[in-house]
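The values are calculated or read from the model by the stated rules, or taken from the named source; none is laboratory data. All values derive from a computational prediction rather than experimental measurement. Here the Cβ positions follow ideal geometry from the backbone for every residue, glycine too, while neighbour counts run over all protein chains shown. With ligands, DNA and RNA removed, areas are computed over all heavy atoms of the protein, side chains included. Shrake-Rupley method; radii C 1.70, N 1.55, O 1.52, S 1.80 Å.
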Amino acid sequence: MRPALLAVVAVLLYAAPASAAEQLLTLYSPAIQSLPYVHRSEFVTLKPDGRQAPAQPGSILGFQEMALVDSKRPDAKPLPVDKMMIHHFLYYANGRVDRGPGGCLGDGFIGGRGEEHPSGRFDAMWPPEQRARYGIRNATPDGRAPEWSLMTMVMNHYKKPKRFFVRTKVWYTTEPREQVYPLTVGNCAHIGNGMAYDVPGDGGTFVDRSTWTVPFNGRILGGGSHHHGGALRQTLRSVTCGRQLFDAKAYYGAPDHPYNTIRPILHEPGPIANGTFRSAAGIPVSAGEVLEREAVHSNEELHVAAMGFWVLPFVRDDSVTPCAPLPDDVHEVTVPERYDTAAPFVFDRLVPQLLAPRGAWKAFDGKPIPVGDQWFRPQRLTAKVGERITWEFRGSEPHSVTVANGPRGFSSNYLGITRGRYSFTPTVAGTYKLTCLIHPTTMSQTVRVR
Ligand SMILES: [Cu+2]
């Protein structure tokens, strides 16, 4: 064979697999700015211009990478997690057709990254055989590409303001694919609190439990557990068929993992991975089948802004029969190479109150305690067990009232609010060291409860 022909054959062989017509798009958010030691939450629109979001209507086959960069050079390395800690990225394409059942995060949700994905790489979660067959339809009713939006929450550990972009690498095609629905199965009662809940720290384990009823016959192609706040394990079982579908461990970093060595500690270190599963055959589920999830947390110490929910790629399959046999190809992907194998885990990394409260102690008199821009007033407060304490938000920036450490954990919405009130009634005496999760280095209040 002549070399030129050989080269052509080689190219054809290389390009021939089922990935034909699959493109890898590299997309960038607009620039986002963050001050040091601040939880920066930003909601940005991504235009369907081929640079921020796909320009052509088509199907999202998977996310290869979701990363923070400070340059648009194609080879720019992601910013290290010990400098720019990523709490979450959540991507939405709300204007698209056939959004499916959706779940707690809504039917516009298309994908995300949590703290349990320190590398920002998702290759294993979107395997080639899945991409060749399934995709998330990304088209508007009038046949254009929809606008995307991106919710980012990051924490800047550089000592200076930082400007960054979110770089997203997406496998994409304009060829037809079977529709896959990204589904979030959690306790949707927590949605008003950004899906978070408090683990109070009053001993034993704490379980957040919820059920979800399957709307139509289909198959679940895998599952990713999102779980933190003393996370031990999260399960998903079929109540109707009396069988377990997934049992996801929470993996913690070894002592030298950046999550454990970052200083100052601005929030409790989360798992470096949560159990993530894939099945090419898919787990059969049928209309009316009830699934139950259980997120199990250690309750020996307090954990605020804890979460537990599943993200499930769900496809329609009318041929599924009730409680059909489970496939034999369910397997766990993305088990970290190194993790802390100590069990039971010791959640002893107390979050410090980073600013010492000052001034005279004042007794709580029943009037709401004001929370303003970068202040609690007074900074030192006494109260009695059983007394309902109310804080009132009066700032122009979002803030939270959150226990950094103390006898029991509680927190107002971890994303922060600018208006309204939050109340907590202590049932246990002790010293509650409070902080604002958004401004942990500049806001503090201590409440001594007797
Ligand atoms: Cu604040």
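For the range 19-179, which whole-number percentage of the solvent-accessible area (1.4 Å probe, protein heavy atoms only) is attributable to carbon and sulfur atoms?
51
Quick one: if you stick a label point 7 Å off each Cα along the C-beta vector at S423 and Q244, how many nm between them?
Once both label points are built, they end up 4.1 nm from each other.
Using θ = phi - 60° and the Karplus form 6.51 cos²θ - 1.76 cosθ + 1.60, what ³J(HN,Hα) does each residue of the range 177-182 get, whole Hz, x for Gly and Pro?
Values, residue by residue: 9, 6, 6, 10, 9, x Hz.
Could you order R338, R99, R293 so the one with the most accessible surface comes first? Probe is 1.4 Å. Write down the numbers at each step before the final one.
Details: R338 150, R99 75, R293 0 Å².
Descending order: R338, R99, R293.
Counting other C-beta atoms within 10 Å, and keeping those with at most 12, which DSSP coil trypsin sites (Lys or Arg not before Pro) do you find in the range 159-230? Write out the running numbers ahead of the final one.
On the way: sites: K159, K162, R163, R167, K169, R177, R209, R219; in loops: K159, R177.
For trypsin sites (Lys or Arg not before Pro) across the range 159-230 that sit outside H, G, I, E and B with at most 12 neighbouring Cβ atoms in 10 Å, the list reads K159.
For the chain, what Kirkwood radius comes out of the mean inverse Cα-Cα distance, in Å?
Numbers: mean 1/r = 0.0426 Å⁻¹.
Kirkwood hydrodynamic radius for the chain: 23.4 Å.
Among T435, P269, G192, which residue has its Cα furthest toward the positive end of the charge dipole of the chain, with +1 on Lys/Arg Cβ and -1 on Asp/Glu Cβ?
Farthest towards the positive end: T435.
Run lengths n ≥ 4 of DSSP H only: what is the helix-derived mean residue ellipticity at 222 nm for the chain, with -39500 (n - 2.57) per run over all residues, to the nearest 500?
Estimated from H runs of four or more residues: -1500 deg cm²/dmol.
May I ask you to give the percent of accessible area on the range 182-349 that is carbon plus sulfur, with a probe radius of 1.4 Å?
Details: 3470 of 6600 Å².
Carbon and sulfur together cover 53 percent of it.
Can you give the net charge of the other residues whose Cβ lies under 11 Å from the Cβ of A139, counting K and R as +1 and D and E as -1?
+1
Could you tell me what percent of the accessible area of the range 362-449 is made up of carbon and sulfur, with a 1.4 Å probe and every protein chain present?
Within the range 362-449, the accessible surface is 50 percent carbon and sulfur.
Give the residue list of GluC sites (Glu not before Pro) in the range 325-417 that are DSSP loop and have at most 16 other beta-carbon atoms within 10 angstrom.
E337, E387
From the residues L46, P322, A360, which one has its Cα farthest along the dipole of the chain in the positive direction, the dipole being from +1 and -1 charges on Cβ of Lys/Arg and Asp/Glu about the Cα centre?
So the residue we want is A360.
If R0 is 35 Å, what FRET efficiency do you get for T431 and H331 from their C-beta distance, rounded to 0.05?
So the FRET efficiency works out to roughly 0.15.
So which residue, out of G201, G420, G108, gets the largest mean-square fluctuation from a GNM of the chain using Cα contacts under 10 Å as springs?
The residue that fluctuates most here is G420.
Skipping prolines and chain starts, which residues have an amide H placed within reach, meaning under 5 Å, of the one on F376, given they are 5 or more residues away or on another chain?
S444
May I ask for the angle, rounded to the nearest 10°, between helix 3-15 and the longest principal axis of the chain, with both axes built from Cα atoms and the value confined to 0 to 90°?
For helix 3-15, the angle is close to 50 degrees.
Mind checking which lysines have their Cα closer than 19 Å to the Cα of K362? Skip sequence neighbours fewer than 8 apart in that chain.
Correct list for K362: K384, K433.
Around G103, which amide H atoms from residues at least 5 apart in sequence, or from another chain, sit under 5 Å from its own amide H, with H modelled in the peptide plane?
Amide H neighbours of G103, under 5 Å, 5+ apart: T184.
Using a Gaussian network model of the chain with C-alpha springs under 10 Å, which one of A404, A295, A356 is most mobile by mean-square fluctuation?
A356
Treating only the Cβ of Lys, Arg, Asp and Glu as charged (+1, +1, -1, -1), what charge dipole size does the chain show about its Cα centre? Round to the nearest 20 debye.
1600
Please report the accessible area of T45 (heavy atoms, 1.4 Å probe, ligands and nucleic acids excluded) in Å², nearest 10.
Per-residue accessible area (T45): approximately 70 Å².
Starting from 0.36 nm per residue, how many nanometres of slack lie between F216 and V97 once their C-alpha separation is accounted for?
Full extension of this stretch gives 41.0 nm more.
Among the Cys residues of the chain, which have no other cysteine Cβ under 4.7 angstrom away?
Cysteines lacking a close Cβ partner in the chain: C436.
Mind checking the per residue accessible area of the chain for me, 1.4 Å probe, whole number of Å²? Present the calculation step by step, with values, prior to reporting the outcome.
Numbers: 19280 Å² over 450 residues.
It amounts to 43 Å² per residue over the chain.
Is there a quick way to get the dipole size of the range 362-449? I mean about its Cα centre, with the Cβ of Lys and Arg at +1 and of Asp and Glu at -1; what is the value in debye to the nearest 20?
It comes to approximately 240 debye.
Measuring from label point to label point, each 7 Å out along Cα→Cβ, what is the R133 to T45 span in nm?
3.8
May I ask which residue of A281, G230, I136 lies farthest towards the positive end of the charge dipole of the chain, with charges of +1 (Lys, Arg) and -1 (Asp, Glu) on Cβ and the Cα centre as origin?
Positive-end residue among those listed: G230.
By a straight-distance test (C-alpha under 15 Å), which aspartates and glutamates pair with K162 as possible cross-link partners, with residues fewer than eight away in the same chain excluded?
E42, D70, D82
Roughly how big is the range 246-314's charge dipole about its Cα centre, with Cβ charges of +1 (Lys, Arg) and -1 (Asp, Glu), in debye to the nearest 20?
280
Roughly how many whole Å is it from the C-alpha centroid of the range 35-54 to that of the range 207-270?
After rounding, the separation between the Cα centres reads 26 Å.
What are the lysines whose alpha-carbon lies under 16 Å from the alpha-carbon of K169, with same-chain residues fewer than 8 places away excluded?
In chain and number order, the partners are K47, K72, K77.
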